[in-house]
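What follows is a set of notes on a single structure, which appears directly below.
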Amino acid sequence: MLIRSLVLAITLISSTYATNIKVALAANVGYAIDDLKKEFHKLYPNHKIKITLSGSGKLFAQIKHGASYDIFLSANMQYPKRLYKDGIAISKPTVYAQGGLALFSVNRLDLSQGIKILKSNTIRKIALANPKTAPYGKAAMEVIKNSGYYKKLKSKFIYGESISQTLIYTLQAADIGIVAKSALFSSRMKKYKQQKDWIEVDSRLYTPIDQGMVILKNGENNRGVKDFYNFILSKKGKTILQRFGYIVK
């Protein structure tokens with residue numbers, strides 16, 4: 001009888017801390033999220049995570065218009081800072097990772113040329129994320145402008161709504177793309193090799209992509225949200241992000 005009572009008590013305590021966590025997630029982190037969720041659930045098996053994956057600009061607009069997300073992992077710090085300033089986020093924006101860009105092509109191009117290859121006459125379509133809404137697109141445009149190639153190349157651009165759509169365009173429609181380096185560490189992309197199919201873009205050509213995270217008002221009293229927030233910043237969370245090519249501190 002005593003054992004049954006203890007089991008019941010433990011079950012009731014566990015269910016008390018079972019929560020649903022609604023995460024607004026920048027598209028570039030989508031490649032790492034399965035591994036992050038798997039490790040998180042080892043620690044917190046009762047918490048359920050619902051992911052909405054999109055461009056940071058789109059997620060920001062949804063949050064501003066009342067979307068009931070609990071936590072926002074953006075591709076840069078701009079949107080979390082604005083949400084915190086407006087009182088929609090309750091935690092100060094913190095950098096959870098720093099992202100990087102890569103030049104990627106399935107066409108076996110001579111990538112040893114670096115960014116100069118974009119000027120080649122054999123390159124007719126260049127995929128990049130929309131710089132107006134996607135932080136990785138903004139960084140890609142910085143690369144092109146800082147290289148002095150914008151006027152020559154602007155007619156070749158095809159824009160993805162997010163960095164994940166940009167990867168699809170690069171795989172299916174473009175000759176080359178400027179993509180999130182993290183995408184190239186996902187299981188489906190491991191067949192593509194660095195220096196052969198992709199190279200890192202010189203980080204001196206664009207502003208560092210500090211990716212920001214905030215807890216939103218909707219998640220203020222949700223224990224699971226705080227657990228997920230702390231996990232992303234934990235050693236285990238950072239190790240997974242590093243595995244996907246991010247820089248973490």
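Below are the figures for this structure:
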{"item": "Amide N proximity, region 76-114 versus residue 64 label position 7 Å along Cα-to-Cβ, cut-off under 14 Å", "result": "78-89"}
{"item": "Residue 48-residue 20 pseudo-label distance in nm [points 7 Å out on the Cα-to-Cβ vector]", "result": "0.6"}
{"item": "Separation of the residue 172 and residue 203 label points, Cα + 7 Å toward Cβ, nm", "result": "3.3"}
{"item": "Shape call, region 100-205: gyration tensor on alpha carbons, a/c limit 1.5", "result": "rounded"}
{"item": "Under 21 Å from the Cα of residue 116 - lysines, other chains or at least 8 residues apart", "result": "125, 138, 145, 151, 152, 154, 156, 181, 193, 196"}
{"item": "Label-zone membership for region 123-144, site residue 113, 7 angstrom Cα→C-beta point, backbone N under 12 Å", "result": "123-124"}
{"item": "Antiparallel bridge percentage (DSSP; both residues within the chain; nearest 5)", "result": "50"}
{"item": "Set of lysines near residue 42 by C-alpha distance (under 21 Å), chain-local residues within fewer than 8 positions excluded", "result": "22, 50, 226, 235, 236, 238"}
{"item": "Extension gain from residue 194 to residue 94, taking 0.36 nm per residue of separation minus the Cα-Cα distance", "result": "33.0 nm"}
{"item": "Gain upon complete extension [residue 132, residue 85; 0.36 nm per residue less C-alpha separation]", "result": "14.8 nm"}
{"item": "Sequence of 110, 210 once ranked by neighbouring C-beta atoms within 10 Å, starting from the fewest", "result": "110, 210"}
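Where a number appears in this text, it was derived from the coordinates with a stated rule and is not lab data. Model, not experiment: these values are computed from the prediction. All Cβ positions, even for glycine, are placed from backbone atoms using ideal geometry, and neighbour counts span all protein chains on display.
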